[in-house]
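K.L.:
Before we start, here is the structure in question, set down as structure tokens.
The values are calculated or read from the model by the stated rules, or taken from the named source; none is laboratory data. This structure is a prediction, so every number in the text was calculated from the model and none was measured. Positions of Cβ are generated from backbone atoms using ideal geometry, with glycine treated the same way; all protein chains shown enter the neighbour counts.
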Amino acid sequence: MDQTQINTWRAKDIPPQTHLIDGKNAPASDSATMEVTSPIDGQVITTMARGTAQDMQAAIAAARAAFDDRRWAGQPPAARKKVLMKWADLIDAHALELAVSGVRDNGTEIGMAFKAEPGSAAGTIRYYAEALDKVYGEIAPTADDVLGLIHREPVGVVGAIVPWNFPLMIGAWKLGPALAMGNSVVLKPAETASLSLIRLAELAHEAGLPAGVLNVVTGEGAVVGEAMGLSMDVDALVFTGSGSTGRRLMEYSARSNLKRVYLELGGKSPNIIFADAPDLDEAAKVAAMGIFRNSGQVCVAGSRLLVEASIHDEFVDAVVNVTKALKVGDPLDLENHIGAINSETQLMQNLQSVETAQREGGTVTLGGGRILSETGGYYMDPTIVTDVTPEASLSQKEVFGPVLAVTPFTDEAEATRIANATDYGLAGAVWTQNLSRAHRMIRAVRTGVMHVNTYGGADGTVPLGGVGQSGNGHDKSLHALDKYTDLKTAWVKL
Ligand code: NAD
């Protein structure tokens, strides 16, 4: 990937986008569209279908028909694997196109987007394609006169709702295992990051996925997402997004058919630096990237930096210096390290969170404001707020933007107490050379993921999921397959 290739893709017009239902492109039932605005410069780059409840019902009906006639689940595993492998190859072949259209839509810097979006999506699809003929049922240890078989069956129609920060990566975390296990899927992308997912689904069909097995409906969450949630014909909902939407999905399930609801929600993840960290300079670099990559729009972002009091000032200086060297700007310019905030609404929320932090006694040590507004785009200076108490809003509420809260602690017990003093439990890290302390902290900090002497970077072989109000269920690894399969007992009298 070089700048010329990026510029070539960026210059291309993006035609108006539609749903993908039963293998065909389809406009909204009432022909309504919505503008797609690029956070790079605030310009409208295309339109997409503003879906109706009727559109969602049509997509669910297509998925149901495809599941019921077993056009996908009934194919031999080797045939399904071949299609998914071809899909992954097509994603690789179209990686730059996918990455650039995704960046024009959501604002992530291209270097990261290229790896984290098509790169990761292709890897995920391949991982589950390879796994699909290696997952067996079981034979129970019964008495001689019976046979107890435990089958693993696809759950049926899966509704997948994904956010805007990494649409392809998170989308593939749902689509890979769901399709590998033989389910049909209706995918609802975020309003501000639909383009690359529509293309991803088109490529699946090019690879040979039968019509109706994967459908995409775009539009507003409150309309098409609600219709999916309330459907009597969706068997499971898999979701990544905010806690407030997660709550709604559980309500929809309770008000309809008790469909399973798996939620990957937000976090306020603590990055805990002890004075005996192996390399404080490295820790400062990683801490800065742990919050500022993709402008902090990362569910596992290390948004709370807890620093042992004896090294607090020196460590904060180091993080400030690393951060000052990060260039914010046009996400399609390879020279920039950090791109745009996804939407003007999100930018305003970020700025608001800084104001609140200051009102509550925090000190803005770096950044704090909107920048590059002359471009028309949505950019924010990476922001470091010190003197943040564990009770402050900035310690308690997820910002989902480039805002780091710094809090000192005196010992391991206090670090653990502060780390656990939120409703969330997604990720965290501990930096120390003391092996016993590292393991104690892994156990004591209540999160789904703990890093030791690093932050982020886990690959597809390990599960990602939260505890507390960070959600339930897991994406990635073979454990994700549990969400997409039902266990069925066959009890056979011999
Ligand atoms: P969001 O909840 O606003 O939107 C997520 C999706 O839900 C979008 O597709 C949206 O259209 C849809 N939606 C909105 N209202 C809906 C409704 N009433 N019914 C059905 N669907 C509806 O979240 P967001 O702003 O897109 O994403 C940011 C959030 O996602 C953050 O809280 C972040 O931490 C979280 N996140 C979590 C993970 C994880 O793996 N745990 C990963 C990425 C992002």
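K.L.:
Output the helices (runs of 4 or more DSSP H) that fall wholly within segment 389-451 and possess 2 or more residues being without any contact (Cβ under 8 Å) to a residue 40 or more places away in the chain and either surrounded by fewer than 23 Cβ atoms within 10 Å (Cβ to Cβ) or away from the ligand (no atom under 16 Å from the Cβ) (or both), or say none. Please lay out each step first, then the result.
P.N.:
Numbers: elements: 393-396, 412-419, 435-444.
Result: 412-419, 435-444.
K.L.:
Can you confirm whether Ile371 is surrounded by fewer than 22 Cβ atoms within 10 Å (Cβ to Cβ) and hydrophobic (A, V, I, L, M, F, W, C)? Give the steps one after another, and end with the answer.
P.N.:
Details: surrounded by fewer than 22 Cβ atoms within 10 Å (Cβ to Cβ): yes; hydrophobic (A, V, I, L, M, F, W, C): yes.
Yes: the conditions hold for Ile371.
K.L.:
Could you say which residue among Val364, Val307, Val319, Val385 is away from the ligand (no atom under 16 Å from the Cβ) and part of a helix (DSSP H, G or I)? First the steps, then the outcome.
P.N.:
On the way: Val364 fails: part of a helix (DSSP H, G or I); Val307 fails: part of a helix (DSSP H, G or I); Val385 fails: part of a helix (DSSP H, G or I).
Val319 is the lone residue from the list that is away from the ligand (no atom under 16 Å from the Cβ) and part of a helix (DSSP H, G or I).
K.L.:
If we only count helices (runs of 4 or more DSSP H) wholly inside segment 48-110, which ones have 3 or more residues that are within 22 Å of the chain's Cα centre (by Cα) and closer than 17 Å to Gly176 by Cβ?
P.N.:
Values: elements: 53-68, 77-93, 95-106.
Answer list for segment 48-110: 77-93.
K.L.:
For segment 176-214: of the residues being within 16 Å of Thr18 (Cβ to Cβ) and among the charged types (D, E, K, R), which is farthest from the ligand (Cβ to nearest atom)?
P.N.:
Glu202
K.L.:
Looking only at segment 264-283, filter to residues that are surrounded by fewer than 24 Cβ atoms within 10 Å (Cβ to Cβ) and over 23 Å from Glu414 (Cα atoms); which one of those is farthest from the ligand (Cβ to nearest atom)?
P.N.:
Checking each candidate, the answer is Asp281.
K.L.:
Condition check: within 12 Å of the ligand (Cβ to nearest atom), at pLDDT 95 or above and farther than 28 Å from Arg152 by Cβ. Does Val224 satisfy that? Steps first, please.
P.N.:
Working: within 12 Å of the ligand (Cβ to nearest atom): yes; at pLDDT 95 or above: yes; farther than 28 Å from Arg152 by Cβ: yes.
For Val224, the condition - within 12 Å of the ligand (Cβ to nearest atom), at pLDDT 95 or above and farther than 28 Å from Arg152 by Cβ - is met.
K.L.:
Give the residue that is farthest from the ligand (Cβ to nearest atom), with candidates limited to residues of segment 284-304 that are basic (Lys, Arg) and part of a helix (DSSP H, G or I). If you could, list the steps in order and put the result at the bottom.
P.N.:
Applying the first criterion (basic (Lys, Arg)) to segment 284-304 yields 285, 293, 304.
When the remaining residues are screened for being part of a helix (DSSP H, G or I), the result is 285, 293.
On the way: Lys285: 23, Arg293: 13 Å.
The extreme case among them is Lys285.
K.L.:
Could you tell me which numbered condition Glu374 fails, if it satisfies all but one of (1) part of a loop (DSSP other than H, G, I, E, B); (2) over 30 Å from His474 (Cα atoms)?
P.N.:
(1)
K.L.:
Look through segment 452-494, keep the residues that are of a type in the set (Asp, Glu) and under 24 Å from Val157 (Cβ atoms), and return whichever of them is farthest from the ligand (Cβ to nearest atom).
P.N.:
Our first condition is that a residue be of a type in the set (Asp, Glu); within segment 452-494, this holds for 459, 475, 482, 486.
Add one more test, that the residue is under 24 Å from Val157 (Cβ atoms), and what stays is 475, 482, 486.
Details: Asp475: 6, Asp482: 16, Asp486: 23 Å.
This residue is Asp486.
K.L.:
Does Tyr455 satisfy the condition of being out of contact with any strand residue (DSSP E or B) (no Cβ under 9 Å at 6 or more places or on another chain), of a type in the set (Phe, Trp, Tyr) and part of a loop (DSSP other than H, G, I, E, B)?
P.N.:
Numbers: out of contact with any strand residue (DSSP E or B) (no Cβ under 9 Å at 6 or more places or on another chain): no; of a type in the set (Phe, Trp, Tyr): yes; part of a loop (DSSP other than H, G, I, E, B): yes.
When the stated conditions are applied, Tyr455 does not pass them.
K.L.:
Suppose we filter segment 352-365 for residues that are surrounded by fewer than 19 Cβ atoms within 10 Å (Cβ to Cβ) and either in contact with a Pro (Cβ under 6 Å, 6 or more places away or on another chain) or not polar (S, T, N, Q) (or both); how many remain?
P.N.:
Our first condition is that a residue be surrounded by fewer than 19 Cβ atoms within 10 Å (Cβ to Cβ); within segment 352-365, this holds for 352, 355-356, 358-361, 363-365.
Those left that are additionally either in contact with a Pro (Cβ under 6 Å, 6 or more places away or on another chain) or not polar (S, T, N, Q) (or both): 355, 359-361, 364.
The qualifying residues number 5.
K.L.:
Could you grab me the full set of residues in segment 15-36 that are touching a strand residue (DSSP E or B) at 6+ places or on another chain (Cβ under 6 Å), surrounded by fewer than 17 Cβ atoms within 10 Å (Cβ to Cβ) and not in a strand (DSSP E or B)?
P.N.:
Result: Pro16, single match.
K.L.:
Another question about this same structure. Which residues, taken from segment 472-494, are surrounded by fewer than 19 Cβ atoms within 10 Å (Cβ to Cβ) and assigned to a helix (DSSP H, G or I)?
P.N.:
Leu478, His479, Asp482
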